[in-house]
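Coordinate-derived values only; no laboratory data. Just so we're clear, the structure is a prediction, and the values are computed from it rather than from any experiment. Here the Cβ positions follow ideal geometry from the backbone for every residue, glycine too, while neighbour counts run over all protein chains shown.
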Amino acid sequence: MEKKVKETTKQKTKSKPQFEPRIVVFACNWCSYPAADAAGINRLQYPANVRIIRVMCMGRVDPGFVLKALVMGADGVLVSGCHFEDCHYSFGARKAAEQYKKLEKIVHMLGLEKERIRQEFISAAEFPKFAKVVREMVEQIKKLGPSPLERGALYKDQKLESEIIEEVAPVTP
């Protein structure tokens, strides 16, 4: 009898580990990256399973960068930057909004959930918002579960991928 109790206890303690998503954040150098920094300085808690990549402007984040992050194992991607009126490059935030529309189409065509990607406009002074958005995104991705993409899945058929991207987001000179 005692042996059965010990075995049952061991089984309960060996439960499946909780899924912790990997989130990539592309953060604008002028607004969102300082917001992330200020959140840390002010000891605002947000999950440690986010990896922040500083970019000079969120308008520079091409849909291909987001797709590459997903293919390389990210479960979700956040693109964050200045508000339209605060953009240091005048048109960068607007360009990012256009790029994001293209990205949403590509994600839909690939059969991924739209909740795996997110775009937010967060100024340097909105550090509590940065922490909140990251927490929300991590919780959302936990509900979705791990990314269905296998590592390298999009690159198994190069022609198909390039056709999709060219159709939805044609390269302009």
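Shape analysis of the range 9-138 places it in the oblate category; the axes a ≥ b ≥ c from the Cα gyration tensor give an a/c of at least 1.5, with a/b not above b/c. From the P(r) of the range 60-117, can you give the percent of Cα pairs sitting at distances over 18 Å? Above the 18 Å cut-off, the range 60-117 has 33 percent of its Cα pairs.
Here PHE84 and PHE19 are evaluated by their C-beta separation; at R0 = 30 Å the FRET efficiency comes out at 0.25. Computed over neighbours whose Cβ is under 10 Å from that of ASP62, the net charge equals +3, Lys and Arg +1, Asp and Glu -1. The length gained on full extension between ARG43 and PHE91, counted as 0.36 nm times the residue separation minus their Cα-Cα distance, comes to 14.0 nm.
Averaging 1/r over every pair of different alpha carbons in the range 96-152 and inverting the result gives a Kirkwood radius of 12.9 Å. Summarising the amide proton neighbourhood of VAL79: residues at separation of 5 or more, or on other chains, whose placed amide H is nearer than 5 Å comprise PHE26, ARG118, GLN119, GLU120. Charged neighbours of LYS132, selected by a Cβ distance under 14 Å, balance to -1 (K, R count +1; D, E count -1). Only Lys, Arg, Asp and Glu carry charge here, each on its Cβ (+1 for the first two, -1 for the last two); on that basis the range 24-162 has a dipole of about 180 debye about its Cα centre.
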